[in-house]
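Okay, structure first, notes after.
The values are calculated or read from the model by the stated rules, or taken from the named source; none is laboratory data. As the structure is a computational prediction, the values presented were derived from the model and not from experiment. Neighbour counts run over all protein chains shown; Cβ positions are idealised from the backbone, glycine included.
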Amino acid sequence: MHINNTTFTDETKSDTSSDVDEAKSIQRDDNKVEPESANEYISGDRIRCPECDGDTVASADGSKTICSACGLIITEDEIDRGPEWRAFDANERDKKARVGSPTTTLMHDKGLSTNIGWQNKDAHGQSVSAEKRRKLKRLRTWNERIRTQGSKDRNLKHALGEIDRMASALGIHQTTRETASMIYRQALKADLLPGRSIEAVATAVLYASSRMDGVARSIDEVATVSRVPTLEIKRTYRYIIRELDIQIPPTNPIEYIGRFASAVGCDDETKRRARALIQQATSKGVHSGKHPVGIAASALYAAGQLCDAKLTQSEISKAADVSEVTIRNRYREILEASEGVTSP
């Protein structure tokens, strides 16, 4: 009996150990992901989540593919291609960045040359000696000469400075300034500048870029900040667009409404009514052969009368820089062209 009990116990232990090993083997097989099974979750260009079959999205830096439903990280790029430092605002990012600003067409050398600062201080912020100040002054002089060695470089530098000055005075944004600089570079490359002043060509290309980008600035407004007469600007403008074959779309009077309305302080309802009046007048050809500034000013005055905005012709005349006679004449034409509205 004792031997039989011992034998039975050994057999039981052997069976139990075998069952445990088999269970562990099954558990390992369940946890193991077969390499070919990953392809089952790729459908075309879309990767599905292997857990919940949900859609996946890429992380902000593009290094991870994450399930949008359960948050599981599907794939991860082990190489961090970003900087080794962290920044929490734009100023901190600019201080830690070790690269310069991108190239720009607003500078004659596109911002690729070295610029020596005007401050006579060392790396620790301490003022340098008189001898080093004289040396820095000579270095700045030679640096400017090297940056503008040729006549075309000097021409371009002066012209881009004029474009930036006039655009700042008119409140024209960066995109339009870049368009103007590109047109000037094309004119310089096509050798269209001989016989014309740099200021005239710079003013003409700024006006052309304003019209191309839909910026509401009349040629008279541009002439107020220029150093050349209006007649010369008009001649140069026609010459540049003809020689470079630039297609300038007609000016839409609606583009002036926002600026004029802000100048006289009218409400949004009046601005919407003015734009609607211009659209109706344009559809019937009232604007043909007439200055868009006068059309916009008259439409704003007409909208003020219809909305009881109490806008005077004098206020709009000063804001739009047109005569009150022009406003009265166009005002009647706009109202007559409007549907169901006649002039009083």
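Out of (1) in a loop (DSSP other than H, G, I, E, B); (2) basic (K, R); (3) surrounded by fewer than 17 Cβ atoms within 10 Å (Cβ to Cβ), the odd one out for R217 is which?
(3)
Which residue is surrounded by the fewest Cβ atoms within 10 Å (Cβ to Cβ), if the candidates are limited to the stretch 259-268 and must be free of Cβ contacts under 8 Å to residues at least 40 places away in the same chain and either among the acidic types (D, E) or under 20 Å from E221 (Cα atoms) (or both)?
Per the criteria, the residue is D268.
Can you find even one residue in the stretch 280-298 that is surrounded by fewer than 20 Cβ atoms within 10 Å (Cβ to Cβ), touching a Ser or Thr at 6+ places or on another chain (Cβ under 6 Å) and assigned by TED's automatic domain parsing to the domain that holds S323?
Checking the stretch 280-298: at least one residue is surrounded by fewer than 20 Cβ atoms within 10 Å (Cβ to Cβ), touching a Ser or Thr at 6+ places or on another chain (Cβ under 6 Å) and assigned by TED's automatic domain parsing to the domain that holds S323.
Is it the case that T105 is touching a strand residue (DSSP E or B) at 6+ places or on another chain (Cβ under 8 Å) and either over 30 Å from K152 (Cα atoms) or surrounded by 11 or more Cβ atoms within 10 Å (Cβ to Cβ) (or both)?
No, not satisfied.
Look at T175 and say whether it is of a type in the set (S, T, Y) and part of a helix (DSSP H, G or I).
So T175 passes the test.
Out of everything in the stretch 65-107 that is touching a Cys at 6+ places or on another chain (Cβ under 7 Å) and assigned to a loop (DSSP other than H, G, I, E, B), what residue ends up being modelled with the lowest pLDDT?
Once the filter is applied, the top-ranked residue is A69.
In the stretch 108-120, how many residues are surrounded by 13 or more Cβ atoms within 10 Å (Cβ to Cβ) and farther than 30 Å from A180 by Cα?
Residues in the stretch 108-120 being surrounded by 13 or more Cβ atoms within 10 Å (Cβ to Cβ) and farther than 30 Å from A180 by Cα: 1 in total.
Of the conditions (1) buried (at least 17 other Cβ atoms within 10 Å of the Cβ); (2) more than 29 Å from the chain's Cα centre (by Cα), R177 clears all except one; give me its number.
So the condition that R177 fails would be (2).
Being among the charged types (D, E, K, R), over 24 Å from V215 (Cβ atoms) and part of a helix (DSSP H, G or I) narrows it down to one residue among R238, R259, R328, R272; which is it?
Exactly one residue qualifies, and that residue is R328.
Report, by residue number, each residue of the stretch 38-57 that is modelled with pLDDT under 85 and surrounded by fewer than 13 Cβ atoms within 10 Å (Cβ to Cβ).
N39, E40, I42, S43, G44, D45, R46, D53
Answer yes or no: is there a residue in the stretch 194-207 that is closer than 17 Å to T224 by Cβ, assigned to a helix (DSSP H, G or I), touching a Ser or Thr at 6+ places or on another chain (Cβ under 6 Å) and in contact (Cβ under 8 Å) with a residue 40 or more places away in the chain.
yes
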